[in-house]
Amino acid sequence: MGRPLAYKIIEKHLVSGEMKPGSEISIRIDYTLTQDSTGTMAYLQFEAMGIPRVKTKKSLAYIDHNILQSGPENADDHKYIATVAKKHGIYFSRPGNGICHQVNLERFGVPGATLLGSDSHTPTGGGIGMIAIGAGGLDVAVAMGGGEYYLSMPKIVNLELKGKLKNGVSAKDVILEVLRIMSVKGGVGRIIEYTGEGVAALSVPERATITNMGTELGATTSIFPSDEVTRQFLAAQGREQDYIPLSADPDAEYDEHIVVDLSALEPMAACPHMPDRVKTLPEIGQIKVDQVCIGSCTNSSYLDMMRTAAILKGKTVHEDVSLVIAPGSKQVLEMLAENGALADMIAAGARILECGCGPCIGMGQSPKTDGVSLRTSNRNFYARSGTASAGVYLVSPETAAASAIAGHLCGVGDVIDDLSVLDIEVPEIFNVNDNMIVEPAPENNDVEIVRGPNIKEFPINTRLPETVSGNVLLKMEDNITTDHIMPSNAKLLPYRSNVPYLSDYCLTPVDPEFPARAKAQNGGILVAGQNYGQGSSREHAALVPLYLGIKAVVAKSFARIHASNLINSGILPLTFKNEADYEKLSQGNALVIENARAKVEGKLPFTIKNQDSGEEIEVELGVSERLRKILLAGGLLNYTREN
Ligand code: MIC
Ligand code: SF4
């Protein structure tokens, strides 16, 4: 039986387990990456493990999220990461060098290798044929220390691409179409593997746009083959030696199969506040636009920027629109500066931001009250832009640039006649200059790690007690995101290494009174609907609830990375055996789990007693033996110490 490409790469890296969908496997990790907003925590945890030097082929620490520096906190964190990296053998990408996923694709991605990153969009690396997975910082710390990464073996979905995109329709529209078909839950427990005749016409950055947003499907990762297009990209980056051809066997068998005809696609947008609320532009209509942001790890490559510049050239941004552009990397920005495209953007009235995440994570550029913002990023979750009343639409750079000129949502054809200006190819040679990557010090160095006052201790759980009890502190709907659980914006991101400070903001987009209630009651239990914790890999969405005394989350279902983060923090992720029982719990109910240890060990049926109604509710803990042991120990750090 022929094998999918993802299967072959996982098999090559398999350490333990059986590669049957749903069973727990562990794989060897070749490369890791962190960024600054999850990195401080990951390195504090790495330090707590007491391993002197990383054991991966290469580990990278990027600074790209918290670069607004409106107080000393961010700069303190940067210094901590720079010094901890230097000491322990990690390459450090300085602020200004670009967004982790874009720089990683350009300079470090290797087909056929595994990459674990403390950022949910790590699957961007699938565009160059890697198995690239997002995880919590603690899992990445373990991988840096040479430990394998555990995951549940995903199903492999074949996404077959037919035909060729029309001009003005872009890679972003491809993934929006996949989101329309599969929804934000459709990828859970799956790897999306792209094949078909349509693949060859997509450049590596375009493929990376598609694999980047596989995260919004809830997928474990997404992957493209490594082919002649990959070879040319690597050669243009001066890294042809990293190329190997890789593809699925011609008779590969997949668990599921979806076909998308590229030639039939039209420009689309994901409407507020979910990446799968996808409609075509005519379906949405010519809504007036207040802001346009072009950039983020999804669409900030050289090609994206050159197409944007081609549309803007000789035009003026509409007087009612603020257009901001953040090129994804120093390489991209430098090339735009050299070839004049940057001048075309500036002349048109674009506001140029430094290479980083910027508006995507609410680090500045929040839209006006009730504003409409078109963005080329990957998430339009409620309040993520920093303006809760604003509506964010996710679009391609082409649609974004055209709409910025028109002042309303429209396709490129509405503002330029000659669409051939968009025929831009990946350059034969990129500007290669890694001078913003700082090499680590040699082994046995005496580098001093600098810790600013903003770096506070992180909470560690205690062993699971015999009885777990608490009130339902909050009952939530489906699709609660990590931006609800632990909001991130310009005011809060500086405190990613300060859990006590963050705790006053936990779940406030759902209920502003939640932190005070949790503190007054010394913690309790959360109840949620489907897909709880979708979105970011931030383990703050587990560490902060841990700090607030949350002992369990009872949900209809969980998003993958968040469920692992809860387990790593020793918080029980329980699912209703019968979804209808969700109705039997209300905020304020007193819950108790007697014999919790025996239940976690699987020795007793898992039930929770609602002391207000007297009813026993059946729940499930659908996790492996190893994860049960981690929960019994009170989280991964305790478990690692015990073992
Ligand atoms: C995001 O896009 O939400 C982030 C910010 O990149 C997060 C990481 C974080 O919360 O720091 C992610 O996607 O993992
Ligand atoms: Fe940064 Fe946004 Fe990408 Fe997250 S999704 S890594 S915040 S650009």
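Where a number appears in this text, it was derived from the coordinates with a stated rule and is not lab data. In this text the structure is predicted, and so the values were computed from the model without any measurement. Backbone-built Cβ (ideal geometry, glycine too); neighbour counts: all protein chains shown.
Taking square-rooted eigenvalues a ≥ b ≥ c of the alpha carbon gyration tensor, is segment 408-531 rounded, prolate or oblate, where a/c under 1.5 means rounded and, failing that, a/b exceeding b/c means prolate? Cα axes put segment 408-531 in the oblate bin. For segment 259-273, backbone phi angles converted through the Karplus equation (6.51, -1.76, 1.60; θ = phi - 60°) give residue-by-residue couplings of 10, 10, 8, 4, 5, 8, 6, 10, x, 9, 8, 8, 7, x, 10 Hz, Gly and Pro being listed as x.
Highest mean packing first, where packing is the average number of other Cβ atoms within 10 Å per residue, the peptides 378-384, 135-141, 290-296 line up as 135-141, 290-296, 378-384. Normalised by 2.2 N^0.38 Å, where N is the number of residues, the C-alpha radius of gyration of segment 25-98 stands at 1.12. The Rg/Rh ratio of segment 1-128, with both radii computed over alpha carbons and Rh defined as the Kirkwood radius, is 1.02. Along its principal axes, segment 106-242 has C-alpha extents of 46, 38, 21 angstrom, given from the largest down. The calculated Kirkwood hydrodynamic radius for segment 285-387 is 13.8 Å, given to one decimal from all distinct C-alpha pairs.
Amide H to amide H, with H built 1.01 Å from N, I133 comes under 5 Å of L115, L116, G117, counting only residues 5 or more places away or on other chains. Assuming a ≥ b ≥ c are the square roots of the Cα gyration tensor eigenvalues, decide whether segment 230-349 counts as rounded (a/c under 1.5), prolate (otherwise, with a/b larger than b/c) or oblate. It is oblate, given that a/c is not under 1.5 and a/b is not larger than b/c.
Rounded to the nearest whole Hz, the Karplus-based 3J(HN,Hα) values (6.51 cos²θ - 1.76 cosθ + 1.60, θ = phi - 60°) of segment 30-36 follow the sequence 7, 10, 10, 9, 10, 10, 5, with x at glycine and proline.
Look at where the Cα atoms of segment 97-141 and of segment 167-242 average out, and the two centres are 13 Å apart. Under the shape rule built on the C-alpha gyration tensor, where the axes satisfy a ≥ b ≥ c, segment 488-635 is prolate, since a/c reaches at least 1.5 and a/b is greater than b/c. Each residue of segment 388-395 was assigned a 3J(HN,Hα) from its phi angle through the Karplus expression (A = 6.51, B = -1.76, C = 1.60, θ = phi - 60°), giving 5, 7, 7, x, 9, 10, 9, 9 Hz with x at Gly and Pro.
With the highest mean first, a sort of the peptides 511-523, 181-193 on other beta-carbon atoms found within 10 angstrom per residue produces 181-193, 511-523. Close amide-amide hydrogen proximity is noted between L323 and V292, R351, each under 5 Å apart and 5 or more residues distant or on a separate chain (H modeled in the peptide plane; Pro and chain starts excluded). The orientation-averaged projected area of the convex hull spanned by the Cα atoms of segment 343-414 comes to 5.0 nm². Taking trypsin sites (Lys or Arg not before Pro) across segment 580-610, the ones in a DSSP loop with at most 13 further Cβ atoms lying within 10 angstrom of their Cβ are K603. The value of relative contact order for segment 17-77, using C-alpha pairs under 8 Å at least six residues apart, is 37 percent. Within the P(r) computed for the chain, what percentage of the Cα pairs occupies the region above 39 Å? Tail of P(r) above 39 Å: 26 percent of Cα pairs. Once backbone amide H atoms are built at 1.01 Å from N, L604 has K599 as its partners under 5 Å, excluding neighbours fewer than 5 places away on the same chain.
Listed peptides 352-358, 333-339 appear in the order 352-358, 333-339 once ranked by packing, highest mean of other Cβ atoms within 10 Å at the front.
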